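**Q** What follows is a structure written as structure tokens; I'll ask about it next.
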Amino acid sequence: MDDFIVAGKHYSSRLLVGTGKYKNFNETRAAIEASGAQIITIAIRRTNIGQNPNEPNLLDVLPPSHYTLLPNTAGCYSAEEAIRTLRLARELLDGHSLVKLEVLGDPRTLFPNVVETIKAAEILVKENFQVMVYTSDDPIIAKQLEEIGCVAIMPLASLIGSGMGILNPWNLQIIIDSTQIPVLVDAGVGTASDAAIAMELGCDGVLMNTAIAAAQNPIMMASAMRKAVEAGREAYLAGRMAKKTYSASPSSPNEGILPVQPK
Amino acid sequence: MLQVTINGQLHHFDNPLSLQQLLEHMSIQNKRIAVERNGEIVPRSQFTLQTLSDGDQLEIVVAVGGG
């Protein structure tokens, strides 16, 4: 068994998915089923007063009995806002403590504000939250977040929703090598190969939303991502061959090659 | 006359009411929600016990799709 373990809980899937940007709840549910994800992120927002109270709620479609819900702090630009959001999330989810912390620094790039992220992480850990933390791919910050007591480090591969893939595999590798807790790529995956590369580098998992939701066929892409994460993980565990630069090595034997016929 | 701000919007009520009665009035008493009253989270068990005061600021949140 090669389980993904976070905050002491075992999961067979290493693909974590978001629930935003889908056309409707049917598409959300179908895509998430196809992805095989067991941990799914949700956002916390003001309820729309005056809307039809019989309208289905996200949690009716994706019940907490089936999935580990990971409430996020998307849209928060300060430690204070993020903490407030997660306290509300804990109340909403009956004391659930596994959360995704993200404190943004700028609405154009959605780049994390690591100073506020660290501030928030310190308080949330003291309040017994289990914090999976979105951060930049800075190995020093990652180490600090681990020391604070976060349960997983989730560096960006590139900007949120950009689909630009893994721009700095070297930094990711340093983070993976220098931390003991799970490292997940969060943000920037565009297609299946990006997810596979993250896993081949040794990431413990990948979290994505837009790469699936914004695909022409989200349900098929969800299935592709599931396979990519599994393939990348297997390739990592199998141990890739050493790279040879500037010289080839034939796959077929050199012995017994038919001699060149005289003309 | 009671004036309460709910999710940033002013609402007026003629008679005193509890948080639970307010949620029933909005038909969301059985929904998965969380409530913050003047910056403090109100546990679900307190809904019937807390009577709203004039000038209260309420935030009522739900889970929505997000990444």
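**Q** In degrees, nearest 10, range 0 to 90: what is the angle between the Cα axis of helix A:79-92 and the longest Cα principal axis of chain A?
**A** Roughly 80 degrees between the two axes.
**Q** Considering only protein heavy atoms and a probe of 1.4 Å, how much of the accessible area of the protein assembly as shown is carbon and sulfur, as a whole percent?
**A** Looking at the protein assembly as shown in its full context, I get 51 percent from C and S.
**Q** Indicate, rounded to the nearest 5 percent, the antiparallel portion of the DSSP beta bridges found entirely in chain A.
**A** 15 percent
**Q** Just how large is the dipole of chain A about the Cα centre, in debye to the nearest 20, putting +1 at every Lys and Arg Cβ and -1 at every Asp and Glu Cβ?
**A** 520 debye
**Q** Sticking with this structure for a sec: Under a 10 Å cutoff between Cα atoms, tell me which one of A:D194, A:D94, A:D204 has the largest fluctuation in the Gaussian network model of chain A.
**A** A:D94
**Q** Separation between the A:T245 and A:D2 pseudo-spin-labels, each 7 Å from Cα along Cα→Cβ, expressed in nm?
**A** 2.9 nm
**Q** Ignoring ligands and nucleic acids, what accessible area does A:Y11 show with a 1.4 Å probe (Å², nearest 10)?
**A** Result for A:Y11: roughly 10 Å² accessible.
**Q** Okay, moving on. Please compute how much accessible surface disappears when A pairs with B, both sides summed, using a 1.4 Å probe, and round it to the nearest 100 Å².
**A** 2500 Å²
**Q** Top to bottom by accessible area (1.4 Å), largest first, where do A:D3, B:D14 land?
**A** B:D14, A:D3
**Q** Counting each pair of different Cα atoms once, what's the Kirkwood radius of region B:2-62 in Å, rounded to one decimal?
**A** Radius from the Kirkwood sum: 11.5 Å.
**Q** Apply the Karplus parameterisation 6.51 cos²θ - 1.76 cosθ + 1.60, with θ equal to phi minus 60°, to every residue of region A:231-248 and state each ³J(HN,Hα) to the nearest whole Hz, in sequence, with x for glycine and proline.
**A** Ordered by residue, 3J(HN,Hα) equals 5, x, 5, 4, 5, 5, 5, 5, x, 6, 5, 6, 7, 10, 9, 6, 8, 8 Hz.
**Q** Right, something else. Relative contact order, percent, of chain A when contacts are C-alpha pairs under 8 Å separated by at least 6 residues?
**A** 18 percent
**Q** Also, I was wondering about something else. Viscosity 1.002 mPa s, temperature 20 °C: give me the Stokes-Einstein translational D for chain A in µm²/s, with Rh taken as the Kirkwood radius over C-alpha pairs.
**A** Stokes-Einstein gives a translational diffusion coefficient of 110 µm²/s.
**Q** Additional query: Based on Cβ point charges of +1 for Lys and Arg and -1 for Asp and Glu, what charge dipole magnitude is obtained for region B:2-62 about its Cα centre, in debye rounded to the nearest 20?
**A** 280 debye
**Q** In what sequence, largest accessible area first, do A:Y67, A:Y236 appear using a 1.4 Å probe?
**A** A:Y236, A:Y67
**Q** Over region A:42-193, what relative contact order in percent results from Cα pairs under 8 Å that are six or more residues apart?
**A** Relative contact order of region A:42-193: 17 percent.
**Q** Here's another thing I want to ask about it. Largest first, what is the accessible-area ranking of A:S12, A:S178, A:S35 with a 1.4 Å probe?
**A** Largest accessible area first, the residues go A:S12, A:S178, A:S35.
**Q** Rolling a 1.4 angstrom probe over the protein heavy atoms, how many square angstrom per residue are accessible across the protein assembly as shown?
**A** 50 Å²
**Q** Considering only the other residues whose Cβ falls under 12 Å of the Cβ of A:Q180, what net charge follows from Lys and Arg at +1 and Asp and Glu at -1?
**A** Taking every Cβ under 12 Å from that of A:Q180, the sum is -3.
**Q** A follow-up question, please. How much solvent-accessible surface does A:V115 expose, in Å² to the nearest 10, with a 1.4 Å probe and all protein chains in place?
**A** Surface accessible to solvent at A:V115 totals approximately 100 Å².
**Q** Next question. Round to the nearest 0.05 the FRET efficiency obtained for B:Q3 and A:L167 when R0 = 56 Å and r is the Cβ-Cβ distance.
**A** 0.60
**Q** Each residue of region B:45-55 in order: what ³J(HN,Hα) in whole Hz does its phi give by Karplus 6.51 cos²θ - 1.76 cosθ + 1.60, θ = phi - 60°, with x for Gly and Pro?
**A** Here the 3J(HN,Hα) series is 5, 8, 4, 6, 8, 8, 8, 6, 10, 4, x Hz.
**Q** In sequence order, what are the phi-derived ³J(HN,Hα) couplings for region A:146-157 according to the Karplus relation 6.51 cos²θ - 1.76 cosθ + 1.60 with θ = phi - 60°, rounded to whole Hz, with x for glycine and proline?
**A** 5, 5, 5, x, 5, 9, 7, 9, 10, x, 6, 8
**Q** Loop only per DSSP, at most 15 neighbouring Cβ atoms within 10 Å: give me the trypsin sites (Lys or Arg not before Pro) in region A:162-243, ordered by residue number.
**A** Answer in residue order: A:R240, A:K243.
**Q** Calculate the all-directions average of the projected area of region A:139-212's alpha-carbon convex hull, and give it in nm².
**A** Value for region A:139-212: 4.2 nm².
**Q** What does the charge count around A:E122 come to, taking other residues whose C-beta lies under 12 Å from its C-beta (Lys +1, Arg +1, Asp -1, Glu -1)?
**A** -1
**Q** Heavy-atom accessible area of A:E55 with all protein chains present, probe 1.4 Å, nearest 10 Å²?
**A** Using a 1.4 Å probe on the heavy atoms, I get roughly 90 Å².
**Q** Classify region A:70-124 as rounded, prolate or oblate from the Cα gyration tensor: take a ≥ b ≥ c as the square roots of its eigenvalues, call it rounded if a/c is under 1.5, otherwise prolate when a/b beats b/c and oblate if not.
**A** Verdict is prolate for region A:70-124.
The values are calculated or read from the model by the stated rules, or taken from the named source; none is laboratory data. All figures in this text were calculated on a predicted structure; none of them were measured in a lab. Please note: Cβ atoms are built from the backbone with ideal geometry, for glycine as well, and neighbour counts cover all protein chains shown. The accessibility values were calculated without ligands, DNA or RNA, using every heavy atom of the protein model including side chains. Shrake-Rupley method; radii C 1.70, N 1.55, O 1.52, S 1.80 Å.
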